[in-house]
Amino acid sequence: MRALIRALIFLLLLTALTAGGAWWWLNQPLNLSEPSLELEIEPGTTPRGVAQNVVKAGVQTDARLLYAWFRLSGKDRAIKAGNYELSAGLTPYLLLQKLARGEESLRAMTIVEGWNWRQVRAALAREEFLKQDSAGLNDEAVMTALGRSGVMPEGRFFPDTYTYAKGSSDMAVLRRAMHSMDRRLADVWSMRSANTPLKSAEEALTLASIVEKETGRAADRAQIAGVFVNRLRIGMRLQTDPTVIYGVGASFDGNLRKRDLQTDTPWNTYTRAGLPITPISMPGKAALMATVQPDQTKALYFVAKGDGTSHFSASLDEHNRAVNRYQRGGQ
């Protein structure tokens, strides 16, 4: 009996929709309880359940009428699960188009150029609309879940803005960022200078992460890369402070001391020759490109001038004079 009653109600609603007022109703803005509503549709929700969820979300209409429209349109089975934003001006017609196309409401998070892995994880944890699937995993487990077992995470995620639907996994964002870095690194490595001393794309990634941290002004980036490439070519230690700071880790208080420069870690380029064992940050495209196509320069040294730019020197004497002038206030 209940099935018969439901069928009769459906037929009545179907008739109402096919009557003269149907076109008017389909194109009338729906009344919303708030200027913007969030609608969540779980996978496996029936068209009837979708109509009910729309009303529960705060759309002030008859769920039965919505369900009838879904059925009559022939798109009831095309409705996609997801998280949607419903705003003023939405009509029944536009609502169904949005749901059938899967036009979810998207959030965004940004991985900033020069961030390290610790900062990336902290940023992901602050995203309240992301599902924190990585929260209980250590770094090794995260990389294993991403299909990169045995690979350190530092430097592996391309700095960019990534959009995601509410309820998406933080691992999905990481996977996209990782694949983006894979593509970018492969592209720039294919454009490397013929005389580069770098032996692999992995070495380019590591050096680019240092260039990223050392660059105060974009115009200096390729010349900074040129200095480091020159040092690698002649076997001179890189002696770059950001690698020391990275080795100190989370305990770094902002003050780099002489004992830090003298304390050996796998990243200390004052105590060790060559590149550190891993990148020290997430380099952007410009740093990657500068590393594989550095300026052709004779400079072996550079020092910050205090205004965001650097002074470059080809000899140690010139460099010492620049340090005295720009760092110690000499003339």
Requested in this report: Provide the gained length on full extension for the span Leu137 to Asp317, in nm with one decimal, where the gain is 0.36 nm per separating residue minus the Cα-Cα distance.
Outcome: 59.8 nm
Requested in this report: Specify whether the C-alpha gyration tensor of region 53-123 places it in the rounded, prolate or oblate class, a ≥ b ≥ c being the square roots of the eigenvalues: rounded for a/c under 1.5, otherwise prolate if a/b is larger than b/c and oblate if not.
Outcome: prolate
Requested in this report: Can you figure out the FRET efficiency of Glu40 with Thr309, using R₀ = 56 Å and their beta-carbon distance, to the nearest 0.05?
Outcome: 0.65
**Report entry** Scattering profile of region 98-162 at q = 0.15, 0.17, 0.20 Å⁻¹ [log10 I(q)/I(0), Debye over alpha-carbon scatterers]
**Finding:** -0.57, -0.69, -0.88
Report summary line: Under 5 Å from the placed amide H of Leu86, counting only residues 5+ away or on other chains, we find Leu37, Glu38, Leu39
Report summary line: Subtracting the Cα-Cα distance of Thr144 and Arg175 from 0.36 nm times their residue separation yields 10.0 nm
Query raised in the report: So in the chain, what percent of DSSP beta bridges are antiparallel if you round to the nearest 5?
Result: 95
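Quick check of the Kirkwood formula: for region 242-306, what is the inverse mean of 1/r over all pairs of different Cα atoms, in Å? Working shown, then result.
On the way: mean 1/r = 0.0723 Å⁻¹.
That comes to 13.8 Å for region 242-306.
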Query raised in the report: Once fully extended, how much extra length lies between Arg233 and Asn324, figured as 0.36 nm per residue of separation less the alpha-carbon to alpha-carbon distance?
Result: 30.0 nm
Requested in this report: For the chain, go through all pairs of different Cα atoms, get the mean of 1/r, take its inverse, and jot down that Kirkwood value in Å.
Outcome: 24.0
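Assuming a ≥ b ≥ c are the square roots of the Cα gyration tensor eigenvalues, decide whether region 216-331 counts as rounded (a/c under 1.5), prolate (otherwise, with a/b larger than b/c) or oblate.
In terms of gyration-tensor shape, rounded.
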Query - Peptides 201-213, 103-115 ordered by average Cβ neighbours within 10 Å, highest first - result: 201-213, 103-115
Report task. Compute the long axis of helix 316-326 from its Cα atoms, compare it with the longest principal axis of the Cα atoms of the chain, and write down the angle in degrees, 0 to 90, nearest 10. Result -> 60
Query raised in the report: How far is helix 2-18 tilted, in degrees, relative to the longest principal axis of the Cα atoms in the chain, given as a value from 0 to 90 rounded to the nearest 10?
Result: 80
Query raised in the report: Under a plain spin-label model, where a point goes 7 Å from the Cα along Cα-to-Cβ, how far apart in nm are Lys258 and Ala286?
Result: 3.6
Query - Dimensionless Rg over Rh [region 102-257; C-alpha; Kirkwood] - result: 1.00
Report summary line: For the chain the mean separation of alpha carbon contacts under 8 Å (6+ apart) over residue count, i.e. relative contact order in percent, is 14
Report task. List, in the order given, every pair from Lys80/Lys166; Lys75/Lys98; Lys131/Lys285 whose Cα-Cα distance in the structure shown is over 19 Å. Result -> Lys131/Lys285
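Once the other residues with Cβ under 11 Å from the Cβ of Leu205 are scored (Lys, Arg +1; Asp, Glu -1), what is the net sum?
-3
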Report task. Let me know the charge dipole size of the chain about its Cα centre in debye, to the nearest 20, where only the beta-carbon of Lys, Arg (+1) and Asp, Glu (-1) is charged. Result -> 360
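Rule-based calculations on the coordinates, nothing more; no lab input. All values derive from a computational prediction rather than experimental measurement. Backbone-built Cβ (ideal geometry, glycine too); neighbour counts: all protein chains shown.
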